[in-house]
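Structure first, then comments.
Since every read-out is calculated from the coordinates, none of them should be taken as a lab result. Since this is a predicted model, take the numbers as computed values, not measurements. Every residue, glycine among them, receives a Cβ derived from its backbone with ideal geometry; neighbour counts consider all protein chains shown.
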Amino acid sequence: MTPSNGSMMLILSSPSGAGKTTLTKKIQQKYPNFKISVSHTTRKPRSNEIEQIDYFFISHKEFEEKISNNEFYEYAKIFDNFYGTSRNSVNELLKKNDSILFDIDWQGTQQLSKFKELKLIKIFLLPPDKKELKNRLVQRNQDNIAIISKRLKAYDNDIHHWSDYDHVIINDNLEHCFSQIEKIILSEKNSTS
Ligand code: ADP
Ligand code: 5GP
């Protein structure tokens, strides 16, 4: 996996519900040369999710086969499910000289960081506080209360990983957060051109 033309590989991580999905989609809309890396997962699809757009939804057995066949650049077990970035999807994007957006957790970020030849830009998003995180998870209206509790429980551990990242941004006001991400993208673009 070698981005040859100054393509960027931008990782967004955060505690669940802080706004990664919203922001990745916003970045892709404004900067079409960024493509979202679509992960594989054993999680069941939410009512608003689309196969191959949000995830490749596969069974545990299929996921384990892919692990055995070394098909992932990175994978992790998160909230009782597996999530992984397939080599094929990333390599296809790199062949087209696209920049790539990864919505992955801190475990996946640590694994991708081992590829020293990659130009990774790592951003960690935080919610203003845990109460607001809970509001967002509830208002998203996609997970039941048991799942929301599990995600909130993970928050205290998740936030310790901020120091693995190049930038930490608080997603309080969405537009403000987006403009901070844009500044990072533009400054990286200028430094590579
Ligand atoms: P993640 O992908 O990190 O789990 P989402 O992008 O799904 O988080 O966001 C969780 C919920 O919070 C969504 O309903 C989204 O619309 C909302 N949201 C995202 N950013 C903000 C913000 N800055 N202010 C208020 N609500 C937000
Ligand atoms: P969700 O179930 O809310 O879609 O995602 C749960 C967590 O899994 C989020 O932190 C998200 O960033 C992470 N995630 C999604 N895809 C991947 C992946 O391919 N690899 C890793 N390591 N984490 C992922």
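Couple of notes before you dig in:
- Semi-axes of the equivalent ellipsoid of the chain are 24, 22, 15 Å, computed as sqrt(5λ) over the eigenvalues of the C-alpha gyration tensor in descending order.
- Here the Karplus relation 6.51 cos²θ - 1.76 cosθ + 1.60, evaluated at θ = phi - 60°, turns the backbone of the range 39-49 into coupling constants of 7, 9, 8, 8, 5, 6, x, 7, 4, 9, 9 Hz, with x for every Gly and Pro.
- On the beta carbon distance between ARG46 and GLN107, with R0 = 25 Å, the FRET formula returns roughly 0.70.
- FRET efficiency, 1/(1 + (r/R0)^6) with R0 30 Å, evaluated for VAL168 and ILE67 via beta carbons: 0.45
- Only lysines eight or more places from LYS130 in sequence, or on another chain, were considered; those with a Cα closer than 26 Å are LYS20, LYS25, LYS26, LYS44, LYS77, LYS122, LYS150, LYS153.
- For the peptides 10-19, 42-51, residues were scored by their other Cβ atoms within 10 Å and the scores averaged per peptide; the highest-first order is 10-19, 42-51.
- Residues HIS60 and ILE147, FRET efficiency given R0 of 25 Å [Cβ-Cβ distance, rounded to 0.05]: 0.90
- Neighbourhood net charge (12 Å Cβ-Cβ; Lys/Arg +1, Asp/Glu -1) for ASP98: +2
- Within the chain, antiparallel bridges make up roughly 30 percent of the DSSP beta bridges whose residues both belong there.
- For the chain, the dipole from Cβ point charges (+1 on Lys and Arg, -1 on Asp and Glu) about the Cα centre works out to 180 debye, to the nearest 20.
- Here the range 1-78 is treated with +1 on each Lys and Arg Cβ and -1 on each Asp and Glu Cβ, and its dipole about the Cα centre works out to around 400 debye.
- Helical mean residue ellipticity (222 nm; -39500 (n - 2.57) per DSSP H run of 4+; nearest 500) of the chain: -12500 deg cm²/dmol
- Tensor-based shape of the range 96-181 (alpha-carbon gyration tensor, a/c under 1.5 rounded, otherwise prolate or oblate): prolate
- Contact order relative to length of the range 9-192, as percent, for alpha carbon pairs under 8 angstrom and 6 or more apart: 31 percent
- Residues of type lysines that LYS95 reaches as a straight line, Cα spacing below 16 Å, ignoring anything fewer than 8 places off in the same chain: LYS35, LYS119
- Ordering HIS60, ILE123, SER89 by Cα displacement along the dipole of the chain toward the positive end leaves ILE123 in first place; charges were set at the Cβ atoms of Lys, Arg (+1) and Asp, Glu (-1).
- Close amide-amide hydrogen proximity is noted between ILE100 and MET8, MET9, LEU10, LYS35, each under 5 Å apart and 5 or more residues distant or on a separate chain (H modeled in the peptide plane; Pro and chain starts excluded).
- Simple spin-label estimate for LYS130 and ARG87 in nanometres, 7 Å along Cα-Cβ: 4.1 nm
- Assigned charges on the beta-carbon of Lys, Arg, Asp, Glu; the range 25-139 dipole about Cα centre (debye): 440 debye
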